[in-house]
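Asks: My structure is below; once you've seen it, I'll send some questions.
Since every read-out is calculated from the coordinates, none of them should be taken as a lab result. None of these values were measured; they are calculated from a predicted model. Heads up, the Cβs are rebuilt from the backbone with ideal geometry, glycines too, and the neighbour counts pull from every protein chain shown.
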Amino acid sequence: MQGVGFRPWVYQLALRHQLGGYVFNSTLGVTIEVEGAEEALTGFEAALRTEAPPLAELDRIRVEHLEPVGYQEFTIRNSQDVAGEFVLVPADIATCPDCLGDLRDPANRRYRYPFTNCTNCGPRYTIIQEIPYDRPHTTMAEFRQCPACEREYHDPGNRRFHAQPNACPDCGPWVELWDRERMLGQRAEAIDQTRKLLRDGAILAIKGLGGFHLACDAANDAALQRLRQRKLRSGKPFALMAASLEKIAEFCTLGPEECAALSGTRRPIVLLARRPGSRISAEVAPGVPTLGVMLPYTPLHHLLFEGGEFDALVMTSANISEEPIAFRNREVAARLHPLADYFLLHNRRIQTRVDDSVVRIFEGRERTLRRARGYAPRPIELGFPAQEVLACGGELKNTFCLTKEHHAILSQHIGDLENLETLEFFQETLAHMKRFFRVEPRAVAYDLHPQYMTTRLALAMPGIEKIGVQHHHAHVAACMAENGLREKVIGVALDGTGYGTDGLIWGGEFLICDYLSFERRFHFRYVPLPGGDTAIRQPWRSALSYLADAELAVAPALEAVPAAQRRVVEAMISGRINTVDTSSCGRLFDAVSAILGIRLETTYEGQAAIELEAAAAPGINEPYPFAIDADTIDFRETIRAIVRDESARDVRSARFHDTVSAAIAETCRRIRQQDRLKAVCLSGGTFQNVYLLGQTAQLLRAAGFQVFLHAKVPPNDGGLSLGQAVIASSRAS
Ligand SMILES: [Zn+2]
Ligand SMILES: [Zn+2]
C-alpha cells in the first residue's frame with residue numbers, strides 16, 4: 001500500500017479519533033501505534049478496515065495491544081527499512097481526477113504542467129531506484145523541491161504529503177521539442193508545437209512514463225503509411241490513445257467492463273471491437289476487427305489532447321532504451337532518427353522501462369494479454385508459501401518470475417529475447433527486482449528448449465539448483481496457480497512452439513498434471529515442419545505439410561506460391577530434409593489459414609491465425625470430422641473436408657474452429673473416463689483466439705467440466721514464468 005497516500009489518511013483518521021501515536025512505512029508494510037480512549041481505538045480500527053482509500057488495498061491487518069506511553073500527538077515518521085523482509089513496490093498510477101483538475105485550472109500553479117502528480121497518482125515503479133520508496137531513492141532526487149512544493153510535501157493535510165515525485169513548473173522536470181538537429185521549443189510552447197506537428201501529419205517520438213512512443217494522428221493515412229514503412233512491419237496493429245470514453249465510443253463498441261478497464265487507475269490498452277466507418281485510418285490495424293485503445297495516463301498525454309484536434313493518436317512503443325540525461329543526448333535522437341521526424345523529450349529519468357499493458361474483456365472479466373505498466377511489479381498471491389526461486393520464462397513475450405513467501409512477483413513484459421539489448425533489459429530488471437523484493441533464489445527454472453537465451457542464462461548461474469520445466473507443463477501450471485488450484489487437473493495447452501521431452505516441437509498438448517509432474521495423455525498428430533523458423537513466417541509451408549499428410553495435392557489457394565518454391569518444400573517434406581516433427585496447434589491454424597487463402601506469408605507473430613479467426617462467421621457450429629486414437633488427435637479428415645467444402649471462406653473458417661473445439665471437448669471426456677478428473681485448465685497462446693476459447697469453454701461446461709482460464713497473466717508465453725516458478729518451488733530440494 002506504499003506510495004498511495006495511506007499515511008496521510010491514517011494521520012487524519014487519528015486526529016478525528018483524538019489519538020496519539022505515529023505511523024510509518026517500512027519494508028514490512030505500514031506500522032501504526034495509537035493510544036487513547038478504548039472507544040476511540042475501536043472506532044479507529046473499524047474505520048481502518050472499512051474506510052481505507054481504494055488504492056490502499058489492505059492485504060491483512062494485525063493488531064497487538066501495548067502499554068500506554070503517553071503520546072501527546074500523532075506524527076508521521078520517516079520510512080524504515082527492515083532488512084530481508086518483503087516489501088510491496090508500487091506500480092505506476094494514471095493521473096487522478098484532482099491532478100487533472102489542477103492541470104486544467106488556469107488559476108492553479110500547476111496549470112498545464114505535464115509532471116503534475118500527488119499521493120494518489122503518478123510515476124512509481126518506473127522511477128524507483130531503491131526501496132523503501134522515498135524521493136532520494138527515485139530519479140526525482142535530482143530535482144530539489146521549491147518552497148511551495150516542500151510545504152505541500154510536509155503538510156499531512158495536503159494531497160501531496162510525501163508524494164515522492166512531487167513537482168511544479170518552478171522546480172520539476174520539463175519538456176523540450178527537438179528536430180533531428182536542434183531544440184525547437186520548451187515547456188508549454190513545446191507542447192503547442194507538438195500538437196501542431198501531429199496535426200500536420202508528422203511522426204513524433206514522445207518520451208512518456210516508462211519509455212518512448214511513436215505518435216501520429218490516427219486519422220492520417222499518409223502518416224500511418226510512412227510509419228509502417230519505417231517500422232518495417234507492414235501488418236502489426238498499432239495501439240491508439242484517445243481523449244475520452246466518448247471519443248472511443250465513436251469508433252469502438254464499449255460495454256461497462258470495457259469502460260471500467262479503460263478508465264481505471266492502471267490504464268491498459270484494451271482490445272475493443274471496432275465500429276465500421278469511423279475516421280480511424282484502416283492502416284491502424286489492417287485485417288483485424290479489433291482496435292487496441294487506451295486513455296491518457298500522464299498529464300503530458302492529457303495536454304496532447306487538450307485542443308480537441310484528434311479523435312485518437314497512434315501511440316506505438318518505440319522500443320528503445322534510454323541513456324541517462326536523455327534529452328541532452330544526441331545519441332537517442334540518432335537512434336530514433338529513422339523512425340521519427342521530431343522528438344518530444346523530458347528530463348525526468350526513466351529508471352525502469354515499462355511498456356503499456358494489454359487486456360481484453362472476456363466473459364465479463366478483464367484478461368491480461370501483456371502484463372506491464374500499472375500491473376507490474378504487483379505480486380500475484382499464490383495462497384501458499386513458496387520457496388524462493390527464479391523462473392526465467394520463455395523466449396518470446398518474455399517475463400520472469402520471483403517467488404517469496406506467498407507472493408509470485410512477475411517482471412513487466414520484457415519482450416522477445418532475440419537481441420543483446422533485450423537480454424540486457426532482462427538482466428537489469430532481474431537485478432533490480434531481486435534487490436527490491438529481497439529474493440535470494442535457491443533454484444532457477446528454465447524452459448527445456450536448449451536454444452533459448454533464458455535457458456543458457458539459467459544454466460550459467462553458479463551455485464544454484466537448476467530445474468528444467470517443460471513448456472506446456474509450465475503453461476498449465478500458470479493457469480492452475482492464478483486460479484488457486486493445487487490438485488491434479490486436465491491441462492489443455494495449445495500454442496505455436498514448445499520444446500517437448502522427446503526433442504520434438506510440441507504445441508497441441510493434453511496433460512494430466514500438478515506442480516510436481518505431468519503426464520502427456522494426448523497430442524495433436526505430428527507433421528513435419530519444413531524449414532523451421534521460415535515455416536513460421538510462411539504458413540503455406542505448413543499447409544503443404546498438412547496436405548501431404550492427408551494425401552492431398554496442392555490446394556487452389558497455394559498456387560499463388562511459385563511452383564518452383566513449392567516443389568522444393570514438397571521435396572523437403574517427403575524426404576524429411578531440414579524438417580522437424582511438430583504437434584503444434586499454431587502450425588495447424590497457419591496451414592488452414594493458407595489453405596483458405598487468407599494468409600500465405602506473415603509479417604508478425606500469429607498473423608495467419610489472427611486473420612483466420614477474424615474471418616470466422618458466427619453461429620455456424622458444424623464441426624468437420626476428426627479422429628482420436630490411443631494418444632493422438634488426428635485432423636487429416638478435417639483437412640480433406642476443408643479442401644472439399646465449397647462453402648464460403650468465413651463458413652469454412654468457423655467450421656474449422658468448431659472442429660478444434662469439438663476435438664478438445666472429446667479428448668477431455670476420454671481423459672475423464674479414465675482419471676475421473678473434472679477440472680480443465682486452458683492455456684497457451686492459441687487461447688488468445690476468443691472464438692475458439694468461447695466455444696471450447698462452453699462445450700466443456702456443457703459436458704460437466706469445471707473450466708479454468710487465464711485472467712491475471714497472459715495465456716501466451718508471457719505467463720510461462722509463473723508456471724515455471726510454482727513447479728520449481730514445489731520441486732526444489
Ligand atoms: Zn493526483
Ligand atoms: Zn515546486
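Asks: So for each of 270-276, 401-407, 452-458, 504-510 I average, over its residues, the number of other beta carbons within 10 Å; can you give me the resulting order with the highest mean first?
Replies: 504-510, 401-407, 452-458, 270-276
Asks: What is the spin-label model distance, in nm, from A141 to D192 if the labels are put 7 Å beyond Cα along the C-beta direction?
Replies: Once both label points are built, they end up 3.8 nm from each other.
Asks: Given points 7 Å out from each Cα along the Cα-Cβ axis, report the R77 to L516 separation in nanometres with one decimal.
Replies: With each label placed 7 Å out from Cα toward Cβ, I get 4.6 nm.
Asks: What 222 nm value per residue comes from the helices of the chain, counting each DSSP H run with n ≥ 4 as -39,500 (n - 2.57) and dividing by all residues, nearest 500 deg cm²/dmol? Mind dumping the intermediate values first?
Replies: Values: 22 runs with 238 residues, N = 733.
Computed ellipticity for the chain at 222 nm equals -10000 deg cm²/dmol.
Asks: Can you divide the C-alpha Rg of the range 504-599 by 2.2 N^0.38 Å and report the result to two decimal places?
Replies: Normalised Cα radius of gyration, the range 504-599: 1.16.
Asks: Starting from the Cα of D98, move 7 Å in the Cα-to-Cβ direction to define the label point; list residues of the range 10-34 whose amide nitrogen is under 18 Å from there.
Replies: Once the point is set 7 Å along Cα→Cβ of D98, 10-16 turn out to lie under 18 Å by backbone N, inside the range 10-34.
Asks: Taking the DSSP beta bridges in the chain as the whole, what percent of them are antiparallel, to the nearest 5?
Replies: 70 percent
Asks: Hey, another quick one. Towards the positive end of the charge dipole of the chain, with charges on Cβ (+1 Lys, Arg; -1 Asp, Glu), say which of I505, G394, L516 has the farthest Cα.
Replies: Comparing the listed Cα positions along the dipole, I505 ranks first.
Asks: I've got another one for you. Suppose R0 equals 35 Å; then what is the FRET efficiency for E306 and D650 from their Cβ-Cβ distance, rounded to the nearest 0.05?
Replies: Details: r = 43 Å, r/R0 = 1.22.
Between E306 and D650 the formula returns 0.25.
Asks: Oh, and also: Starting from 0.36 nm per residue, how many nanometres of slack lie between A617 and R60 once their C-alpha separation is accounted for?
Replies: This chain segment gains 195.7 nm when fully extended.
Asks: Next question. Is there a quick way to get the dipole size of the range 12-53? I mean about its Cα centre, with the Cβ of Lys and Arg at +1 and of Asp and Glu at -1; what is the value in debye to the nearest 20?
Replies: Once rounded to the nearest 20, the dipole reads 180 debye.
Asks: Next question, about the same structure. What FRET efficiency comes out for K466 versus H154 if R0 is 35 angstrom and r is the Cβ-Cβ distance? Round to the nearest 0.05. List each step's numbers first, then the result.
Replies: Values: r = 50 Å, r/R0 = 1.44.
It comes out at approximately 0.10.
Asks: On a C-alpha basis, how far is the centre of the range 499-533 from the centre of the range 664-692 in Å? Whole number, if you could?
Replies: Their Cα centres are 15 Å away from one another.
Asks: Multiply the residue separation of E666 and Y111 by 0.36 nm, subtract the distance between their alpha-carbon atoms, and state the gained length in nm to one decimal.
Replies: Full extension of this stretch gives 193.6 nm more.
Asks: Determine, for each peptide in 278-288, 555-565, the mean count of other beta carbons within 10 angstrom over its residues, then list the peptides with the highest first.
Replies: Highest to lowest by the protection proxy: 278-288, 555-565.
Asks: Which are the unpartnered cysteines of the chain, meaning those with no other cysteine Cβ under 4.7 Å from their Cβ?
Replies: Within the chain, the cysteines lacking a partner Cβ under 4.7 Å are C99, C118, C149, C168, C216, C252, C259, C392, C401, C513, C585, C668.
Asks: Please list 700-707, 426-433 highest first by mean number of surrounding beta-carbon atoms within 10 Å per residue.
Replies: 426-433, 700-707
Asks: Rounded to two decimals, what is the ratio between the C-alpha radius of gyration of the range 608-733 and 2.2 N^0.38 Å?
Replies: 1.19
Asks: Related question: Cut-off is 10 Å between beta-carbons; in what order do S721, S583, S26, S263 appear when sorted fewest neighbours first? Before the final figure, lay out each step's value.
Replies: Values: S721 29, S583 26, S26 17, S263 14.
Ordered from fewest to most neighbouring Cβ atoms within 10 Å, S721, S583, S26, S263 come out as S263, S26, S583, S721.
Asks: Same structure, new question: With only Lys, Arg, Asp and Glu charged, each at its Cβ (+1 for the first two, -1 for the last two), find how big the charge dipole of the range 58-161 is about the Cα centre; round to the nearest 20 debye.
Replies: My answer is approximately 500 debye.
Asks: About the Cα centre, and with charges only on the beta carbon of Lys, Arg (+1) and Asp, Glu (-1), how big is the dipole of the chain? Nearest 20 debye, please.
Replies: So the magnitude is around 900 debye.
Asks: How much length is gained on full extension from Q427 to A249, taking 0.36 nm per residue of separation minus their Cα-Cα distance?
Replies: Length gained between Q427 and A249: 60.0 nm.
Asks: Continuing with the same structure: In Å and on Cα atoms, what radius of gyration and Dmax does the range 684-733 show?
Replies: When restricted to the Cα atoms of the range 684-733, Rg and Dmax are 13.7, 42 Å.
Asks: Next question, about the same structure. When the Kirkwood hydrodynamic radius is evaluated over all pairs of different C-alpha atoms of the range 331-471, what value in angstrom, to one decimal, is obtained?
Replies: Every distinct Cα pair counted, the radius reaches 16.7 Å.
Asks: May I pose another question? Can you give me the Kirkwood hydrodynamic radius for the range 447-495, using every pair of distinct Cα atoms, in Å to one decimal? All intermediate terms of the calculation are to be shown ahead of the outcome.
Replies: Details: mean 1/r = 0.0804 Å⁻¹.
12.4 Å is the Kirkwood radius here.
Asks: Oh, and also: Rounded to two decimal places and with Rh computed the Kirkwood way over Cα pairs, what is Rg over Rh for the chain? Write out the running numbers ahead of the final one.
Replies: Working: Rg = 27.2 Å, Rh = 27.4 Å.
Reported Rg/Rh, Kirkwood definition of Rh: 0.99.
Asks: While we're on this one: Rounded to the nearest 0.05, what FRET efficiency do Y604 and R49 have when you use their Cβ-Cβ distance and R0 = 45 Å?
Replies: 0.40
Asks: If eta is 1.306 mPa s and T is 10 °C, what Stokes-Einstein diffusion coefficient results for the range 70-159, Kirkwood Rh from Cα pairs, in µm²/s?
Replies: On the way: Rh = 15.2 Å.
The Stokes-Einstein estimate is 105 µm²/s.
Asks: How do T116, T352, T579 line up, fewest other C-beta atoms within 10 Å first?
Replies: T579, T352, T116
Asks: While we're here: Along the Cα→Cβ direction, 7 angstrom out, place labels at S234 and E405. What is the inter-label distance in nm?
Replies: With each label point 7 Å from Cα toward Cβ, the separation is 5.4 nm.
Asks: Would you mind computing the Rg to Rh ratio of the range 220-282 from its alpha-carbon coordinates, Kirkwood style for Rh?
Replies: 1.01
Asks: Hey, how much of the P(r) for the range 42-200 falls beyond 30 Å, as a percent of Cα pairs?
Replies: 31 percent
Asks: So what is Rg over Rh here for the range 345-418, counting just Cα atoms and using Kirkwood for Rh?
Replies: Details: Rg = 14.2 Å, Rh = 13.8 Å.
The Rg/Rh ratio comes out at 1.03.
Asks: Then there is this: If you average 1/r over all unlike Cα pairs in the range 449-567 and invert the result, what Kirkwood radius do you get in angstrom?
Replies: Evaluated over the range 449-567, this radius sits at 16.9 Å.
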